[in-house]
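Heads up, the thing below is written out as C-alpha coordinates.
The values are calculated or read from the model by the stated rules, or taken from the named source; none is laboratory data. Source: prediction; values computed, not measured. Positions of Cβ are generated from backbone atoms using ideal geometry, with glycine treated the same way; all protein chains shown enter the neighbour counts.
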Amino acid sequence: MSEQPDRMDLHEFRASRRRKTDNLLKEDHRDLKRFFALDSAAYRDLTKEGGLDEKTKELLGLVASTVLRCNDCIAYHCDRCVEVGWKKAELLDALNVALVIGGSITIPHIRTVWEVVQDLYDEQEAKGKAASATPGLQAAQQELVQNVDEHRSTATLTLGQPKPKAKKAEAAAPTPAPAPAAPTATSPAPTAAKPAAPSKAAPKSPAKRLTP
(Lines give C-alpha, C1' and ligand atoms only; values in the text may rest on other atoms or scores of the structure.)
Protein backbone atom coordinates (compact mmCIF):
# COMPACT_ATOMS: atom_id res chain seq x y z
CA MET A 1 0.00 0.00 0.00
CA SER A 2 1.35 3.42 -0.97
CA GLU A 3 2.10 5.86 1.85
CA GLN A 4 0.17 8.50 -0.15
CA PRO A 5 -3.47 7.43 -0.72
CA ASP A 6 -3.74 9.27 -4.05
CA ARG A 7 -0.48 7.80 -5.39
CA MET A 8 -0.68 4.65 -7.51
CA ASP A 9 1.47 1.88 -6.04
CA LEU A 10 3.30 0.16 -8.90
CA HIS A 11 3.66 -3.26 -7.29
CA GLU A 12 0.10 -3.25 -6.00
CA PHE A 13 -1.14 -2.26 -9.45
CA ARG A 14 0.68 -5.16 -11.12
CA ALA A 15 -0.55 -7.69 -8.57
CA SER A 16 -4.12 -6.39 -8.69
CA ARG A 17 -4.25 -6.41 -12.48
CA ARG A 18 -2.92 -9.98 -12.66
CA ARG A 19 -5.33 -11.20 -9.97
CA LYS A 20 -8.38 -9.63 -11.57
CA THR A 21 -7.48 -10.85 -15.05
CA ASP A 22 -6.98 -14.43 -13.84
CA ASN A 23 -10.24 -14.28 -11.93
CA LEU A 24 -12.10 -13.20 -15.07
CA LEU A 25 -10.51 -15.68 -17.47
CA LYS A 26 -11.09 -18.68 -15.23
CA GLU A 27 -14.80 -18.45 -16.16
CA ASP A 28 -13.81 -19.87 -19.55
CA HIS A 29 -15.97 -17.50 -21.61
CA ARG A 30 -15.05 -18.02 -25.24
CA ASP A 31 -15.59 -14.47 -26.56
CA LEU A 32 -13.80 -12.88 -23.58
CA LYS A 33 -10.79 -15.12 -24.15
CA ARG A 34 -10.82 -14.29 -27.84
CA PHE A 35 -10.73 -10.56 -27.12
CA PHE A 36 -7.83 -10.96 -24.67
CA ALA A 37 -5.97 -13.00 -27.28
CA LEU A 38 -6.67 -10.32 -29.90
CA ASP A 39 -5.38 -7.62 -27.55
CA SER A 40 -2.12 -9.52 -27.02
CA ALA A 41 -1.72 -10.22 -30.73
CA ALA A 42 -2.18 -6.54 -31.63
CA TYR A 43 1.16 -5.65 -29.99
CA ARG A 44 3.26 -8.33 -31.69
CA ASP A 45 6.31 -7.36 -33.70
CA LEU A 46 5.25 -7.42 -37.38
CA THR A 47 8.29 -5.77 -38.94
CA LYS A 48 9.01 -8.90 -41.02
CA GLU A 49 5.56 -8.52 -42.62
CA GLY A 50 6.09 -4.79 -43.17
CA GLY A 51 4.22 -3.75 -40.03
CA LEU A 52 5.19 -1.96 -36.83
CA ASP A 53 7.56 -3.17 -34.14
CA GLU A 54 6.46 -3.89 -30.57
CA LYS A 55 8.17 -0.80 -29.18
CA THR A 56 6.24 1.60 -31.43
CA LYS A 57 2.94 -0.15 -30.73
CA GLU A 58 3.35 0.22 -26.96
CA LEU A 59 3.89 3.97 -27.38
CA LEU A 60 0.73 4.21 -29.52
CA GLY A 61 -1.14 2.31 -26.80
CA LEU A 62 0.06 4.83 -24.22
CA VAL A 63 -1.17 7.81 -26.24
CA ALA A 64 -4.54 6.20 -27.00
CA SER A 65 -5.08 5.18 -23.36
CA THR A 66 -4.34 8.74 -22.22
CA VAL A 67 -6.85 10.21 -24.65
CA LEU A 68 -9.44 7.70 -23.39
CA ARG A 69 -8.58 8.68 -19.78
CA CYS A 70 -8.07 5.14 -18.46
CA ASN A 71 -5.57 5.27 -15.61
CA ASP A 72 -5.04 1.50 -15.45
CA CYS A 73 -4.48 1.38 -19.22
CA ILE A 74 -2.02 4.29 -19.07
CA ALA A 75 -0.10 2.69 -16.18
CA TYR A 76 0.08 -0.65 -17.99
CA HIS A 77 1.41 0.87 -21.21
CA CYS A 78 3.88 3.02 -19.27
CA ASP A 79 5.19 -0.16 -17.65
CA ARG A 80 5.51 -1.84 -21.05
CA CYS A 81 7.09 1.22 -22.65
CA VAL A 82 9.84 1.32 -20.03
CA GLU A 83 10.34 -2.42 -20.42
CA VAL A 84 10.80 -2.22 -24.22
CA GLY A 85 13.26 0.67 -23.95
CA TRP A 86 11.55 4.05 -24.27
CA LYS A 87 13.33 6.86 -22.43
CA LYS A 88 11.73 9.20 -19.93
CA ALA A 89 11.87 12.26 -22.19
CA GLU A 90 10.32 10.29 -25.04
CA LEU A 91 7.38 9.18 -22.88
CA LEU A 92 6.77 12.76 -21.72
CA ASP A 93 6.70 13.94 -25.34
CA ALA A 94 4.19 11.20 -26.25
CA LEU A 95 1.95 12.24 -23.34
CA ASN A 96 2.08 15.79 -24.67
CA VAL A 97 0.67 14.55 -27.98
CA ALA A 98 -2.13 12.84 -26.03
CA LEU A 99 -2.82 16.10 -24.20
CA VAL A 100 -3.14 18.03 -27.46
CA ILE A 101 -5.53 15.43 -28.91
CA GLY A 102 -7.54 14.70 -25.75
CA GLY A 103 -7.58 18.20 -24.32
CA SER A 104 -7.13 19.48 -20.81
CA ILE A 105 -9.44 16.80 -19.40
CA THR A 106 -6.51 14.38 -19.74
CA ILE A 107 -4.26 16.42 -17.42
CA PRO A 108 -5.36 14.72 -14.14
CA HIS A 109 -4.62 11.34 -15.69
CA ILE A 110 -1.24 12.46 -16.99
CA ARG A 111 -0.30 13.79 -13.55
CA THR A 112 -1.28 10.54 -11.84
CA VAL A 113 0.48 8.27 -14.28
CA TRP A 114 3.64 10.38 -14.47
CA GLU A 115 4.31 9.37 -10.88
CA VAL A 116 4.14 5.74 -12.07
CA VAL A 117 6.68 6.56 -14.77
CA GLN A 118 9.07 7.96 -12.16
CA ASP A 119 8.63 4.84 -10.04
CA LEU A 120 9.36 2.66 -13.07
CA TYR A 121 12.66 4.40 -13.78
CA ASP A 122 13.60 4.38 -10.10
CA GLU A 123 12.97 0.63 -10.08
CA GLN A 124 15.05 0.20 -13.22
CA GLU A 125 17.91 2.21 -11.74
CA ALA A 126 17.82 0.19 -8.51
CA LYS A 127 18.05 -3.06 -10.47
CA GLY A 128 21.05 -1.74 -12.37
CA LYS A 129 22.85 -0.77 -9.16
CA ALA A 130 22.13 -4.13 -7.58
CA ALA A 131 23.53 -5.91 -10.62
CA SER A 132 26.77 -3.90 -10.60
CA ALA A 133 27.26 -3.76 -6.82
CA THR A 134 28.06 -7.43 -6.36
CA PRO A 135 30.35 -8.52 -9.21
CA GLY A 136 32.44 -10.57 -6.79
CA LEU A 137 29.40 -12.47 -5.57
CA GLN A 138 28.24 -13.15 -9.12
CA ALA A 139 31.71 -14.40 -10.08
CA ALA A 140 31.76 -16.70 -7.05
CA GLN A 141 28.34 -18.04 -7.96
CA GLN A 142 29.46 -18.71 -11.53
CA GLU A 143 32.59 -20.48 -10.30
CA LEU A 144 30.51 -22.60 -7.93
CA VAL A 145 28.13 -23.57 -10.72
CA GLN A 146 31.09 -24.41 -12.98
CA ASN A 147 32.66 -26.64 -10.30
CA VAL A 148 29.37 -28.45 -9.74
CA ASP A 149 29.01 -29.03 -13.49
CA GLU A 150 32.56 -30.40 -13.69
CA HIS A 151 31.94 -32.82 -10.83
CA ARG A 152 28.72 -33.97 -12.46
CA SER A 153 30.52 -34.53 -15.77
CA THR A 154 33.24 -36.55 -14.06
CA ALA A 155 30.69 -38.64 -12.22
CA THR A 156 28.82 -39.28 -15.46
CA LEU A 157 31.97 -40.43 -17.28
CA THR A 158 33.05 -42.81 -14.54
CA LEU A 159 29.58 -44.19 -13.88
CA GLY A 160 29.47 -47.94 -14.47
CA GLN A 161 33.22 -48.37 -15.04
CA PRO A 162 35.04 -51.03 -12.99
CA LYS A 163 37.03 -49.84 -10.09
CA PRO A 164 40.80 -49.69 -10.76
CA LYS A 165 42.76 -52.58 -9.27
CA ALA A 166 45.23 -51.85 -6.55
CA LYS A 167 48.83 -51.67 -7.76
CA LYS A 168 51.05 -54.59 -6.84
CA ALA A 169 54.02 -53.94 -4.64
CA GLU A 170 57.18 -53.44 -6.70
CA ALA A 171 59.30 -55.87 -4.65
CA ALA A 172 57.47 -58.69 -2.96
CA ALA A 173 58.92 -59.93 0.29
CA PRO A 174 60.68 -63.35 -0.20
CA THR A 175 58.62 -66.26 0.96
CA PRO A 176 60.47 -68.10 3.75
CA ALA A 177 61.48 -71.66 2.87
CA PRO A 178 59.57 -74.36 4.71
CA ALA A 179 61.33 -75.93 7.67
CA PRO A 180 62.80 -79.39 6.86
CA ALA A 181 60.63 -82.21 8.03
CA ALA A 182 61.97 -84.44 10.82
CA PRO A 183 63.46 -87.72 9.47
CA THR A 184 61.15 -90.65 9.88
CA ALA A 185 62.53 -94.11 10.96
CA THR A 186 62.03 -96.88 8.43
CA SER A 187 61.99 -99.49 11.18
CA PRO A 188 60.87 -99.24 14.72
CA ALA A 189 63.57 -98.34 17.18
CA PRO A 190 64.97 -101.36 19.08
CA THR A 191 63.55 -101.78 22.46
CA ALA A 192 65.80 -102.62 25.42
CA ALA A 193 65.80 -106.32 26.31
CA LYS A 194 64.27 -107.15 29.58
CA PRO A 195 66.59 -109.00 31.99
CA ALA A 196 65.90 -112.69 32.11
CA ALA A 197 64.23 -113.85 35.17
CA PRO A 198 66.57 -116.05 37.33
CA SER A 199 65.90 -119.72 36.83
CA LYS A 200 64.97 -121.63 39.93
CA ALA A 201 67.38 -124.50 40.71
CA ALA A 202 65.80 -127.83 41.14
CA PRO A 203 65.73 -128.82 44.79
CA LYS A 204 68.37 -131.34 45.66
CA SER A 205 67.03 -134.60 46.78
CA PRO A 206 68.21 -135.56 50.28
CA ALA A 207 71.06 -137.98 50.30
CA LYS A 208 70.08 -141.44 51.04
CA ARG A 209 71.41 -142.66 54.30
CA LEU A 210 73.29 -145.80 53.96
CA THR A 211 72.11 -148.50 56.19
CA PRO A 212 74.78 -150.27 58.22
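Some notes on this structure:
- In the range 40-91, the residues that are assigned to a loop (DSSP other than H, G, I, E, B) and of a type in the set (Ser, Thr, Tyr): Tyr43
- Applying a threshold of 7 Å to beta carbon distances and a minimum spacing of six or more residues, or different chains, the list of pairs starting in the range 126-143 at a residue that is surrounded by 10 or more Cβ atoms within 10 Å (Cβ to Cβ) and ending at one that is part of a helix (DSSP H, G or I) and modelled with pLDDT under 80 is empty.
- Any hit, the range 84-99, residues being in contact with a helix residue (DSSP H, G or I) (Cβ under 9 Å, 6 or more places away or on another chain), under 21 Å from Glu125 (Cβ atoms) and loosely packed, with under 11 Cβ neighbours inside 10 Å: yes
- The range 42-68: number of residues that are under 13 Å from Cys81 (Cα atoms) and acidic (Asp, Glu): 3
- Residue check for Leu59: crowded, with 20+ Cβ neighbours inside 10 Å and modelled with pLDDT of 95 or more: yes
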